[in-house]
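Before any comments, here is the structure.
The values are calculated or read from the model by the stated rules, or taken from the named source; none is laboratory data. Quick caveat, the model's predicted, so the values are computed rather than measured. Note: ideal-geometry Cβ built from the backbone for every residue, glycine included; neighbour counts use all protein chains shown.
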Amino acid sequence: MATPNVILRSAIYLTGQVLSTLLLGPVMVLLRPFRFETRYAAANVWVRFNLWVLGRVCGLTYNVEGIEHIPREQSGLIYCKHQSAFETLALQVIFPPVVFILKRELLRIPFWGWAMATLEPIAIDRQAKSQALKQILREGEDRIKAGRWVVLFPEGTRVAPGHKGNYGSSGGMLAHRAGCPVLPVAHNAGEYWAKNGFLKHPGVIRVLIGPALDGAQLSAAEINRQAEGWIEARMAEITGLGPNGMNSGT
């Protein structure tokens with residue numbers, strides 16, 4: 001059960017997040033005519049502010065292991081576990097410029113959606129699966145060639161700690177088509193900041209980045225198999241360390 005202190009600090013964080021988002025949306029709309037790098041830098045100020053408040057107010061920080069695996073000369077695919085909203089923030093600080101594959105409905109959210117729409121996301125219609133896959137492959141390759149890292153959550157949605165969703169096949173297909181590196185990422189953020197959760201528990205989130213897989217040399221199926229295997233093996237090691245993971249099964 002959350003303590004009054006955790007509830008209060010989580011409320012302060014939410015207030016800061018809402019107020020900064022109300023400011024961000026109009027600013028990003030005004031910056032739409034500018035270069036991507038300018039827009040991304042402006043949005044990154046908001047990201048860093050929210051992570052700073054998360055650490056200072058909620059006492060929730062993170063530690064990255066394997067950052068040396070990120071190639072600086074070539075962009076590629078980030079193949080990441082999805083448990084909470086935390087990783088959508090942290091990945092933008094850990095990696096060079098990233099773009100997200102997301103549901104297009106999210107771009108209709110006032111202020112936040114306006115800002116996200118200026119950052120070249122790959123906004124798909126999940127109901128039109130065949131068209132969505134073609135869009136991911138086409139636009140994903142374009143973004144990678146333009147120097148962006150594409151973030152893919154292979155389970156398609158946030159999954160609670162100790163559980164595993166079905167891994168989709170689009171990641172391997174995109175990486176093989178683009179001939180780019182694939183970096184698997186595991187973390188236990190959901191044990192401190194749950195899916196759709198208001199509470200942010202103090203602690204240190206572990207973010208693990210695996211060695212790059214070579215999309216030019218491996219088949220799409222092999223990319224998916226190796227990335228999933230690495231992520232789930234690491235998840236078995238770090239699950240159960242946080243307050244929301246104490247009773248999670250594996």
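Would you list the strands (runs of 3 or more DSSP E) that sit entirely within segment 1-118 and hold 2 or more residues that are within 27 Å of Pro243 (Cβ to Cβ)? Even if it seems obvious, please write down each step before you answer.
Details: elements: 60-65, 77-80, 98-103.
Once the strands (runs of 3 or more DSSP E) in segment 1-118 are filtered for at least 2 residues that are within 27 Å of Pro243 (Cβ to Cβ), what remains is 60-65, 77-80.
Can you name the residue in segment 31-44 that is out of contact with any helix residue (DSSP H, G or I) (no Cβ under 8 Å at 6 or more places or on another chain) and loosely packed, with under 12 Cβ neighbours inside 10 Å and, of all such residues, is nearest to Arg108 (Cα to Cα)?
Pro33
Tally up the residues in segment 160-178 that are of a type outside the set (S, T, N, Q) and within 21 Å of Arg234 (Cβ to Cβ), please. Steps first, please.
Taking segment 160-178 and keeping what is of a type outside the set (S, T, N, Q), we get 160-165, 167-168, 171-178.
Filter once more, keeping what is within 21 Å of Arg234 (Cβ to Cβ): 160-165, 167-168, 171-172, 175.
Of the residues in that region, 11 qualify.
Restricting to segment 182-229, and then to whatever is among the acidic types (Asp, Glu) and farther than 24 Å from Ile12 by Cβ, can you tell me which residue is surrounded by the most Cβ atoms within 10 Å (Cβ to Cβ)?
The residue in question is Glu228.
Hey, can you tell me all the residues within segment 159-181 that are surrounded by 19 or more Cβ atoms within 10 Å (Cβ to Cβ) and under 13 Å from Lys134 (Cα atoms)?
Once the filter is applied, which keeps residues that are surrounded by 19 or more Cβ atoms within 10 Å (Cβ to Cβ) and under 13 Å from Lys134 (Cα atoms), segment 159-181 yields Ser170, Gly171, Met173, Leu174.
Is one or more of the residues making up segment 167-175 under 22 Å from Ile70 (Cα atoms), hydrophobic (A, V, I, L, M, F, W, C) and assigned to a strand (DSSP E or B)?
Within segment 167-175, not a single residue is under 22 Å from Ile70 (Cα atoms), hydrophobic (A, V, I, L, M, F, W, C) and assigned to a strand (DSSP E or B).
Please work out which residue is nearest to Met173 (Cα to Cα), limiting yourself to segment 137-163 and to residues that are part of a helix (DSSP H, G or I) and basic (Lys, Arg).
Among those that are part of a helix (DSSP H, G or I) and basic (Lys, Arg), it is Arg138.
Considering only segment 181-199, how many residues are within 19 Å of Arg234 (Cα to Cα), outside any loop (DSSP other than H, G, I, E, B) and over 14 Å from the mean Cα position of the chain (by Cα)?
Going through segment 181-199 one residue at a time, the tally reaches 2.
Within segment 85-107, is there a residue that is basic (Lys, Arg), touching a helix residue (DSSP H, G or I) at 6+ places or on another chain (Cβ under 9 Å) and either without any contact (Cβ under 8 Å) to a residue 24 or more places away in the chain or under 12 Å from His187 (Cβ atoms) (or both)?
no
For residues that are among the small types (Gly, Ala, Ser) and touching a helix residue (DSSP H, G or I) at 6+ places or on another chain (Cβ under 6 Å), scanning just segment 222-250, find the one that is nearest to His69 (Cα to Cα).
Residues of segment 222-250 among the small types (Gly, Ala, Ser): 227, 229, 233, 236, 240, 242, 245, 248-249.
Still in the running and touching a helix residue (DSSP H, G or I) at 6+ places or on another chain (Cβ under 6 Å): 242, 245.
Numbers: Gly242: 26, Gly245: 28 Å.
Top of the filtered list is Gly242.
If I ask for residues that are of a type in the set (Val, Ile, Thr) and surrounded by 19 or more Cβ atoms within 10 Å (Cβ to Cβ), which ones from segment 123-158 would you list?
Result: Ile124, Ile136, Ile144, Val150, Val151.
On the basis of being more than 16 Å from the chain's Cα centre (by Cα), of a type in the set (D, E, K, R), over 25 Å from Arg138 (Cβ atoms) and exposed (fewer than 14 other Cβ atoms within 10 Å of the Cβ), does Arg72 make the cut?
yes
Out of all the residues in segment 6-14, is one or more farther than 22 Å from Val93 by Cβ and in contact with a Pro (Cβ under 9 Å, 6 or more places away or on another chain)?
Yes, some residue in segment 6-14 is farther than 22 Å from Val93 by Cβ and in contact with a Pro (Cβ under 9 Å, 6 or more places away or on another chain).
Could you tell me whether any residue of segment 200-223 is assigned to a loop (DSSP other than H, G, I, E, B), modelled with pLDDT of 95 or more, of a type outside the set (Lys, Arg) and over 30 Å from Glu141 (Cα atoms)?
Checking segment 200-223: at least one residue is assigned to a loop (DSSP other than H, G, I, E, B), modelled with pLDDT of 95 or more, of a type outside the set (Lys, Arg) and over 30 Å from Glu141 (Cα atoms).
For segment 22-53, give me the residue count where each residue is in contact with a Phe, Trp or Tyr (Cβ under 6 Å, 6 or more places away or on another chain) and over 19 Å from Val99 (Cβ atoms).
Of the residues in segment 22-53, 2 are in contact with a Phe, Trp or Tyr (Cβ under 6 Å, 6 or more places away or on another chain) and over 19 Å from Val99 (Cβ atoms).
Of all residues being of a type in the set (A, V, I, L, M) and at pLDDT 95 or above in segment 113-129, which is nearest to Val18 (Cα to Cα)? Just the residue, please. Spell out the reasoning first.
At the first step, the residues of segment 113-129 found to be of a type in the set (A, V, I, L, M) are 115-117, 119, 122-124, 128.
The next check asks that each one be at pLDDT 95 or above; those that pass are 115-117, 119, 122-124.
On the way: Ala115: 13, Met116: 15, Ala117: 18, Leu119: 19, Ile122: 24, Ala123: 23, Ile124: 26 Å.
Result: Ala115.
Looking for whichever is touching a residue at least 60 places away in the same chain (Cβ under 8 Å) and more than 28 Å from Gly55 (Cβ to Cβ) here; the options are Gly171, Gly240. Which one fits? Even if it seems obvious, please write down each step before you answer.
On the way: Gly240 fails: more than 28 Å from Gly55 (Cβ to Cβ).
Of the residues listed, the single one that is touching a residue at least 60 places away in the same chain (Cβ under 8 Å) and more than 28 Å from Gly55 (Cβ to Cβ) is Gly171.
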